[in-house]
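So the structure is just underneath, and the comments pick up after that.
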Amino acid sequence: MRKKDPEVFQTVSDGLKKLYKTKLLPLEEHYKFHEFHSPALEDADFDNKPMVLLVGQYSTGKTSFIRYLLEQDFPGMRIGPEPTTDSFIAVMHGDTEGVIPGNALVVDPKKPFRKLNSFGNAFLNRFVCAQLPNPVLESISVIDTPGILSGEKQRISRGYDFAAVLEWFAERVDRIILLFDAHKLDISDEFSEVIKALKNHEDKIRVVLNKADQIETQQLMRVYGALMWSLGKIVNTPEVIRVYIGSFWSHPLLIPDNRKLFEAEEQDLFKDIQSLPRNAALRKLNDLIKRARLAKVHAYIISSLKKEMPSVFGKEGKKKELINSLGEIYSRIEREHQISPGDFPNLKKMQEQLNAHDLNKFQPLKMKLLDTVDDMLAHDIASLMVLVRQEETNRPQQGVKGGAFDGTLNGPFGHGYGEGAGEGIDEAEWVVARDKPMYDEIFYTLSPVNGKVTGANAKKEMVKSKLPNTVLGKIWKLADIDKDGMLDDEEFALANHLIKVKLEGHELPADLPGHLIPPSKRKIPAE
């Protein structure tokens, strides 16, 4: 029986903080969740700007990619063919340029990095925050990671658990971008390990096939195919991961044949990154739900082990036996509590961690704690979901601005400017007039009455393009400017121009751009 109404929250961020502290954290602490899975969350985790994590082998262009987005250097950056970035660099907004070392970062309560302390000095000496005033960083932060090593270099130990650090970041970031180099596509063992460490966060992963201007089209197709095949073996998701192809740096293209493709892909990637501030609250909510489900399973596992332990004799033997039969314990919990197998922690890792614990010190099952979390998932999360939608609606279009995101807004270098439906945008003459004599010839064979052809007659001609009816319907809507269900010679020419635009592989505009409206149909401005 539910006793009280869901809590009322002012903002999503406040709601998440309160739910976490009052309903989920007590369960985590009771069953030592933080020693097994991930440290407790702090206020900064909920208040923080969206973060983008860049991961890739050395020399795939991670640092250049950040520089490309910001359109300026950031403190502490080094670019080169060998492994140059051997540190994790959090590139964040600050009023003055500078570098904050890791040891100072993990004591700053305003930054979401305090819990990285547990990875020790070997890691903290390799972690810095580069701060600078840059408009892009006003809405997102970017984390640059050490280049993943391949071949022999992998054997040099880093001195800290690289995959575990990445996993820590993966849990807290909004987007993970895996970078690959189009002309040296080998996925090393360390890279495979890293991608596996990102398991359960596949929804955040995007892939960039970088430096794609350095190879010919045919080779690029082969590389793209090989990449998809390799990724399919490592990343187990039902849908294919989105791969963006391009060259993300500001150098001239070596082989410019695929320029159009690169431009379109870049626009898609930018849109994806620009959507992060808008979807940040939803992502945090989603991550909290994932965490709550894992914490529940963890509680069942820990309390099951406690229940099986003898209170006096034979503790060590029983501990070994229980750890060895953990798989069976998983299956039993799965059946008893109807939990999906995907919610369970990695079996091997859990067995290793249990070896280091005294199972007798574990707590028995306390249903009140679990009921509170169930109640949170069933009711409070739903009311927060409504608030997420309201916050999204009330907020003006939040997107990432500045740097490369504004680059293509300047003059005629916007995506698609002067191409397709944009052709003739800055010409004095109506662009359709060029081919109008040819269209007129066809027009007069369609028995116009009072200078207009009927829809049925126009249709006979338009379907010869073999375009589907849905597309032709859209073209008709754009071309029939006076909406009388018929086309005069100008509207007919316009319809044919739009068919040509579509057949050349361009998209149709949602509304007819001003420069395509026939001169006689343009509104004469009032004196």
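Structure values in brief
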{"quantity": "Val463 vs. criteria of a type in the set (Val, Ile, Thr), assigned to a helix (DSSP H, G or I), free of Cβ contacts under 8 Å to residues at least 12 places away in the same chain and surrounded by 10 or more Cβ atoms within 10 Å (Cβ to Cβ)", "calculated": "yes"}
{"quantity": "In region 314-349, residue least open to solvent (accessible area, probe 1.4 Å) [restricted to those that are of a type in the set (Gly, Ala, Ser) and in a helix (DSSP H, G or I)]", "calculated": "Gly327"}
{"quantity": "Hits in region 238-282 - residues which are in contact with a Pro (Cβ under 8 Å, 6 or more places away or on another chain) and small (Gly, Ala, Ser)", "calculated": "Ala280"}
{"quantity": "Ser311, sole failed condition from (1) within 36 Å of the chain's Cα centre (by Cα); (2) open to solvent by 40 Å² or more (accessible area, probe 1.4 Å)", "calculated": "(1)"}
{"quantity": "Near pairs, Cβ below 8 angstrom, 6+ apart or cross-chain, from region 93-106 (without any contact (Cβ under 8 Å) to a residue 12 or more places away in the chain) to any residue that is among the aliphatic types (A, V, I, L, M)", "calculated": "none"}
{"quantity": "Qualifying positions in region 143-182 - closer than 25 Å to Arg67 by Cα and either modelled with pLDDT under 80 or of a type in the set (D, E, K, R) (or both)", "calculated": "Asp144, Leu149, Ser150, Glu167, Glu171, Arg172, Asp174, Arg175, Asp181"}
{"quantity": "One residue from Asn279, Asn200 being part of a loop (DSSP other than H, G, I, E, B) and open to solvent by 40 Å² or more (accessible area, probe 1.4 Å)", "calculated": "Asn200"}
{"quantity": "Residue pairs meeting the criteria (Cβ under 9 Å; at least 6 apart or on separate chains; first under 14 Å from Ser38 (Cα atoms), in region 341-356; second part of a helix (DSSP H, G or I) and β-branched (Val, Ile, Thr))", "calculated": "Pro345/Val297; Pro345/Ile301; Met350/Ile301; Met350/Ile323"}
{"quantity": "Qualifying residue in region 235-251 (condition: in a helix (DSSP H, G or I), touching a residue at least 12 places away in the same chain (Cβ under 8 Å) and open to solvent by less than 80 Å² (accessible area, probe 1.4 Å))", "calculated": "no"}
{"quantity": "Any hit, region 20-33, residues being in a loop (DSSP other than H, G, I, E, B), without any contact (Cβ under 8 Å) to a residue 40 or more places away in the chain and open to solvent by 30 Å² or more (accessible area, probe 1.4 Å)", "calculated": "no"}
{"quantity": "Neighbours by Cβ (under 8 Å, 6+ apart or cross-chain): first from region 389-413, at pLDDT 75 or above; second open to solvent by less than 80 Å² (accessible area, probe 1.4 Å) and assigned to a loop (DSSP other than H, G, I, E, B)", "calculated": "Glu391/Thr11; Val400/Ser139; Val400/Ile140; Lys401/Ser139; Gly402/Asn134; Gly403/Gln72; Gly403/Asn134; Phe405/Gly399"}
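The values are calculated or read from the model by the stated rules, or taken from the named source; none is laboratory data. As the structure is a computational prediction, the values presented were derived from the model and not from experiment. All Cβ positions, glycine included, derive from the backbone under ideal geometry; neighbour counts span all protein chains shown. To get the accessible areas, we keep the full protein, side chains included, count just its heavy atoms, and leave off ligands, DNA and RNA. Shrake-Rupley method; radii C 1.70, N 1.55, O 1.52, S 1.80 Å.
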